[in-house]
Amino acid sequence: MPAPEPPVDLDTAEHGALVHLPRVTDDAAVPTDPRRSDVDEWGRSERMRALARQLYDPVYRHLFRAEWEGLDKIPTDGGALLVANHAAAIPSDAPVIMHGIETELQRPVYGLADNLFKSLPFVGTMWSRVGGVTAHPDNAYRLLREQHQLVLVFPEGSKGPAKHYSQRYRLRRFGRGGFVEIAMRAGVPVVPIAVVGAEESMPILLNIPQLAKAFGLPYAPITANHLLFGPLLGSILYLPAKFKLRVLDPVHFDIEPDLPRYSKSRVMDEAEAIRQQIQEALFDMLRTRESVWFG
Amino acid sequence: MGRRVLVTGLGTFWGGRVAQALERDPSVEVIVGLDSYEPSVPLERTEYVRADESYSILARIVRAAHIDTVIHTFLVVDSTMMSSRKMHEINVIGTMNLLAAAGAAGSTVRTVVVKSSSLVYGAQPEDPVWFREQTPRSKPPRTRVEQSLLEVEGYLRDFAEDNPHVLVTLLRFSNVLGPELTTPLSRALELPLVPAVLGFDPRFQFVATEDVIRSILFVLDHEVPGLYNVAGDGLLPWSEVAAICGKRQFFLPPYLTGVATAPMKTLRICELPPETIDLLKYGRGIDNRRLKRAGFRYEFTSAGAVERFAQAVRLRGTVGDHEPQYRYQRDVEAFFRHSPAVVREEPAP
């Protein structure tokens, strides 16, 4: 009969060296996760995103020939709220910004969009697979504060793309400043981006409010593209306007995050100041632009 | 002195399961179950009282049995099970009567736990990806079941305000999946082809039946009052849910979906109520972190719940339904519980 092993003093034993303690098992069983797809909680699929990047790259490079200025001002880590002007009947600026940042900085960008997207079959699903998220303060907060992501938002909403060509590069109202409040609450900077080129890629010649009402859309325009390419192709083909994007200095709000309430007047002032900055940058860029098509 | 618990809906899936779980808990002294239907699962020491959903005898039972805890599981969340009038009677009128009895003068009730549903959040394109407990729904309720559950929650809020000495816990459960539970979604997933809405692939969240029962016991044990979402971690697209179940999808038109599903209902293939169609278009996620912060640990993620459900369906498909069908027999139950001839083990001191 083998001699019993001498008792080991657990307190003095070298940590994990001498004694084989039974492995500590949690009370609850380890949750299993038999996922089959890579669709994340936001509906984004990195595989779909990669495919979309591949398909979109020629558009980005050869049709719009996007050119960035100040891309280094976009933080390489941590959350930030990207804010840009919004234009073209079917906005061409969101994919350009998202594609540009993802390919240049290797950071995913989540684009906040009107819930109209989500209610449209196919469009809504595709949009969410490539990084679109319904614009809801909770979504923005979670992405920015808890997941430290880049979030793109167009504070003009649908008023930007809905404007007539004669109003190009004149920024609409920046909503009710909700984007500033979210950035304050999430404790992240706002990074303004001025985009030149989108306006001319699908300019609106005529708005038909009756048609918009009939289909429950925010606006239903006739564009130059419709005249050139017909009603169907004209709704998806862009004119080859030269894109120039200027990233402005990030705006840090010196204010405590997670407050239950932020001063509405401060929020509105900050929103207006950011709007002014983008507006001035646009005028500056347009002054030096020699051609709509060649920049 | 142990808890003296009253469970509503003892004849339903949840009432029976909750009572079974309570029986295993030695700190629970008395379990009284109400329902107009007999229990569908074998119970050892639960006392079954036949009562309709108006709970007219409830105040007397509470007084007579010194009930201190009410677990209200009898809320209808599957609107295909009955007419909306009947559902209104059970959910709204039933809860109203129950709370009136629990809050009556001299009532011994100190804890009320209500099993509600994430249906109260609705499913709309405007919704956030995750609903927190305090996030309001995006649009007013459209469906009867949502309306009735919101009314129930309203009564419960009033009750909690009027009875500050009572711990009131409201649990909102996500889509529940389990091997033995039938819901509109489980029926859809058991079809040879899983219905989906063309052009939509929303993200779904699930909670396993065990986690539902465990969460109810958890809030009893830890005495956590308030409002809690109960749902497994993670969201997964409906197409992936079908894939885990090993099924292909068939597609319903994205517009007039309700009209298109009417023949399916007539032919008894599958009934998709309007709240399920909304879900098949827009999905819904509820933030489960508040209950986790209170200390609850889930056994299953959303995907885990789906996988286990799929395995159970597969097994049933192969070996058939061999569940021993329990039938409640009043005389037999009374004999085992109360006859002096039965030698009962003394409860451990």
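Which condition does residue A:106 not pass, out of (1) modelled with pLDDT of 95 or more; (2) of a type outside the set (Phe, Trp, Tyr); (3) surrounded by fewer than 17 Cβ atoms within 10 Å (Cβ to Cβ); (4) farther than 30 Å from residue A:233 by Cβ, if it passes all the others?
Residue A:106 satisfies every listed condition except (1).
Could you please find all residues in the stretch A:276-295 being assigned to a helix (DSSP H, G or I) and touching a strand residue (DSSP E or B) at 6+ places or on another chain (Cβ under 9 Å)?
Those that are assigned to a helix (DSSP H, G or I) and touching a strand residue (DSSP E or B) at 6+ places or on another chain (Cβ under 9 Å): A:277, A:278, A:279, A:280, A:281, A:282, A:284, A:285, A:286.
Those residues that are modelled with pLDDT under 90 and either touching a strand residue (DSSP E or B) at 6+ places or on another chain (Cβ under 6 Å) or closer than 22 Å to residue B:180 by Cβ (or both), I need them from the stretch B:45-60; list them, please.
B:51
Please go through the stretch B:83-99 and pick out each residue that is more than 14 Å from residue B:143 (Cβ to Cβ) and free of Cβ contacts under 8 Å to residues at least 24 places away in the same chain.
Once the filter is applied, which keeps residues that are more than 14 Å from residue B:143 (Cβ to Cβ) and free of Cβ contacts under 8 Å to residues at least 24 places away in the same chain, the stretch B:83-99 yields B:85, B:86.
Taking the residues in the stretch A:105-124 that are part of a helix (DSSP H, G or I) and without any contact (Cβ under 8 Å) to a residue 40 or more places away in the chain as candidates, determine which candidate is farthest from the other protein chains (Cβ to nearest Cβ).
That would be A:105.
Evaluate the following for residue B:152: is it touching a Ser or Thr at 6+ places or on another chain (Cβ under 9 Å) and either polar (S, T, N, Q) or assigned to a helix (DSSP H, G or I) (or both)?
Here the answer is yes, as residue B:152 does meet what is asked.
Among the residues of the stretch A:132-145, is any within 28 Å of residue A:239 (Cβ to Cβ), at pLDDT below 95 and out of contact with any helix residue (DSSP H, G or I) (no Cβ under 7 Å at 6 or more places or on another chain)?
Yes - at least one qualifying residue is present in the stretch A:132-145.
Taking the condition farther than 25 Å from residue B:201 by Cα, within 12 Å of chain B (Cβ to nearest Cβ) and not aliphatic (A, V, I, L, M), does residue A:67 pass?
When the stated conditions are applied, residue A:67 does not pass them.
Across the stretch B:250-289, what is the total count of residues that are surrounded by fewer than 23 Cβ atoms within 10 Å (Cβ to Cβ) and of a type in the set (Lys, Arg)?
Number satisfying all stated conditions: 3.
Please work out if residue B:295 is in contact (Cβ under 8 Å) with a residue 24 or more places away in the chain, buried (at least 19 other Cβ atoms within 10 Å of the Cβ) and within 14 Å of chain A (Cβ to nearest Cβ).
no
Under 9 Å by Cβ, and 6 or more places apart or on different chains, what pairs join a residue from the stretch B:58-71 that is closer than 11 Å to residue B:112 by Cβ with one that is of a type in the set (Phe, Trp, Tyr) and in a helix (DSSP H, G or I)?
none
How many residues does the stretch B:205-242 hold that are within 11 Å of chain A (Cβ to nearest Cβ) and under 16 Å from residue B:283 (Cβ atoms)?
So the answer is 12.
Are there any pairs, at least 6 apart or on different chains, whose C-beta atoms fall under 6 Å, with the first in the stretch B:319-348 and modelled with pLDDT under 80 and the second part of a helix (DSSP H, G or I), and if so, which?
As it stands, the answer is none, since no pair meets every condition given.
Can you pull out every residue in the stretch A:132-175 that is among the small types (Gly, Ala, Ser), within 13 Å of chain B (Cβ to nearest Cβ) and farther than 21 Å from residue A:187 by Cβ?
Once the filter is applied, which keeps residues that are among the small types (Gly, Ala, Ser), within 13 Å of chain B (Cβ to nearest Cβ) and farther than 21 Å from residue A:187 by Cβ, the stretch A:132-175 yields only A:132.
The values are calculated or read from the model by the stated rules, or taken from the named source; none is laboratory data. These figures come from a predicted structure and were not determined experimentally. We place every Cβ from the backbone using ideal geometry, glycine too, and count neighbours over all the protein chains shown.
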